[in-house]
Amino acid sequence: MKKLGNFQIIVLIVFVALAVFGVLVFAGIIPIGNSDKAVVTGNVVLWGTAKADMMNNLIDNFVQANPTLGIKYVQKDRATFGQDLLEALATNTGPDLFILPDDMIVNFRNKIMPIPYASYPQATFQTNFAGAGEIYLNSTGILALPLTIDPMVMYYNRSQLDSENIVTPPLYWNDLENLVGVFTKKDQNRKITKSAFALGQYSNINHAKDILSMMFMQSGNPIVKESNGSFVPVLSQGSTVYQGGLDSMLKFYTAFADPLGSLYSWNKSLPSSRDAFSREELTFYFGFASELPDLASRNPNQNFYVAPVPQIKNSNFKLTFGHTQAVAISASTKDPTVAFTVAGLLATGNFSKQFSDNLLLAPARRDLLNTKQTDSYLPIFYSSALFARSWLDPSSTDTDGIFQRMIENVLSNNLSAEAAINDASSKLGFLLIK
């Protein structure tokens, strides 16, 4: 039998220690997250993009509740966070913990110390956290413990609906057709002056990739799958629950930019969808819960409200797109037991609620999502967070281009919807093996 090297022995000991400690923690023998005193003693460095002033206040509260633990927080620029983290980890100067957004999972999976399922059973994870957090589960274990969910919702101009005697916003995608003619206005040259929905194009629609991804996932396609550490695109496999298939979803999306079609309500000459909504030139806007403060400040006199995104009629599940953040343990941490303890406390203790509250995001914990909210918007944000999902995006910038080409190939009649999807799936496959 081949002998283990010193490094392999150390790694094995670390994982055994983590596993034993994790079993004790989550069996309740070591009371993590609901104890006034932490059992483990030590300090960690945490990286993230949230403002340092806010985080340091939350960390002060954390340390008061857990006086044997210390956290040094380092705020990083959102635009360079990934590159800064890669460079630091490569030179062994990285943090013990970092806040991992869902769209960085693929690139950082090998830089993370996963929590083995023997330490934290998958069933326990799924009981504790909403489904959006399952993006951090893979064949090796739990890559990170979820903190927040930012679900996509549908903002709408309430005054415009009231003026047309429309009581409720659309519940299903096929309801949109009846509203296009009501709210889309054109001048004598058929130039759009007001729009019902910003769909169909890419360049001037905020979150176009996320909207189309959401439609695909609502039809039962996860876009990318992980198996034994490998990632494969599954767009070409089509829909599992929607009879029309993914090509029908893509045709539906692009139909809103077809000037000869009945759904025509958007084109490239219009401002961004967010700007159009704030100018009250767009009735419905698909955006994230985190955009609420910005939307409110853009036009303080605008009478808008929020609703869940439309669903596929007669589907047996609900789904919206949502971005998540979670706390991950660096594979290069010098004290994995302390890092594991702090990560568990951050995700399951008071920090989780305070963090999500300060960012005006929905918490990832199911018990917090179950609390009654008095704010007029939070009930929709919290309920949408429960059925939010994302996908394993290998590179936001590169996949932006892939989705844009897919949409524009259909609009220009260069490719059929089915061929455009197959082309996108192929390009996504090349991206995943880089």
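The values are calculated or read from the model by the stated rules, or taken from the named source; none is laboratory data. None of these values were measured; they are calculated from a predicted model. A quick note on method: Cβ atoms are made from the backbone with ideal geometry, for glycine too, and the neighbour counts reach across all protein chains shown.
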Task: From the options L179, L147, residue that is in contact with a Ser or Thr (Cβ under 6 Å, 6 or more places away or on another chain) and not hydroxyl-bearing (S, T, Y) - done: L147
- [ ] Would you mind listing the strands (runs of 3 or more DSSP E) fully within region 270-345 where at least 2 residues are at negative phi and not assigned by TED's automatic domain parsing to the domain that holds F197?
- [x] 320-329
TODO: Grab the helices (runs of 4 or more DSSP H) fully contained in region 354-412, keeping just those with 3 or more residues being under 30 Å from S248 (Cα atoms), without any contact (Cβ under 8 Å) to a residue 60 or more places away in the chain and assigned by TED's automatic domain parsing to the domain that holds V234.
DONE: 396-411
TODO: State which residue is surrounded by the most Cβ atoms within 10 Å (Cβ to Cβ) when the search covers only region 240-258 and only residues that are hydroxyl-bearing (S, T, Y) and modelled with pLDDT under 95.
DONE: Y242
Task: Residues being closer than 30 Å to T397 by Cα, part of a helix (DSSP H, G or I) and not basic (K, R) - total across region 55-90 - done: 13
Task: Every residue from region 105-123 that is surrounded by 14 or more Cβ atoms within 10 Å (Cβ to Cβ), assigned to a helix (DSSP H, G or I) and either in contact with a Phe, Trp or Tyr (Cβ under 8 Å, 6 or more places away or on another chain) or at pLDDT 95 or above (or both) - done: I105, V106
Open item on the list: Quick check on my filter: what residues within region 302-345 are among the basic types (K, R) and touching an Asp or Glu at 6+ places or on another chain (Cβ under 8 Å)?
Closed with: K334
Open item on the list: I need every pair where a residue in region 122-138 that is touching a residue at least 40 places away in the same chain (Cβ under 8 Å) has its Cβ under 8 Å from the Cβ of a residue that is in a helix (DSSP H, G or I) and among the β-branched types (V, I, T), sequence separation at least 6 or different chains.
Closed with: N128/T348; I135/I105; Y136/I105
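Residues are listed down the side, and each one gets a yes or a no for (1) surrounded by 19 or more Cβ atoms within 10 Å (Cβ to Cβ); (2) at pLDDT 95 or above; (3) over 23 Å from the mean Cα position of the chain (by Cα); (4) not charged (D, E, K, R):
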{"residue": "A276", "(1), (2), (3), (4)": "yes, yes, yes, yes"}
{"residue": "R279", "(1), (2), (3), (4)": "no, yes, yes, no"}
{"residue": "F288", "(1), (2), (3), (4)": "yes, yes, no, yes"}
{"residue": "Y305", "(1), (2), (3), (4)": "no, yes, no, yes"}
{"residue": "I329", "(1), (2), (3), (4)": "yes, yes, no, yes"}
TODO: Scan region 190-209 and report the pairs whose first residue is touching a residue at least 40 places away in the same chain (Cβ under 8 Å) and whose second residue is charged (D, E, K, R) and surrounded by 19 or more Cβ atoms within 10 Å (Cβ to Cβ), with Cβ atoms within less than 7 Å and a gap of 6+ or a chain change.
DONE: N206/R274
Task: Matching residues, region 346-360, being aliphatic (A, V, I, L, M) and modelled with pLDDT of 95 or more - done: L346, A347
TODO: Please indicate, with yes or no, whether at least one residue in region 184-196 is in the same structural domain as V241 (by TED's automatic domain parsing), closer than 18 Å to F387 by Cα and in a loop (DSSP other than H, G, I, E, B).
DONE: no
Task: Filter result for A132 (of a type in the set (G, A, S) and part of a helix (DSSP H, G or I)) - done: yes
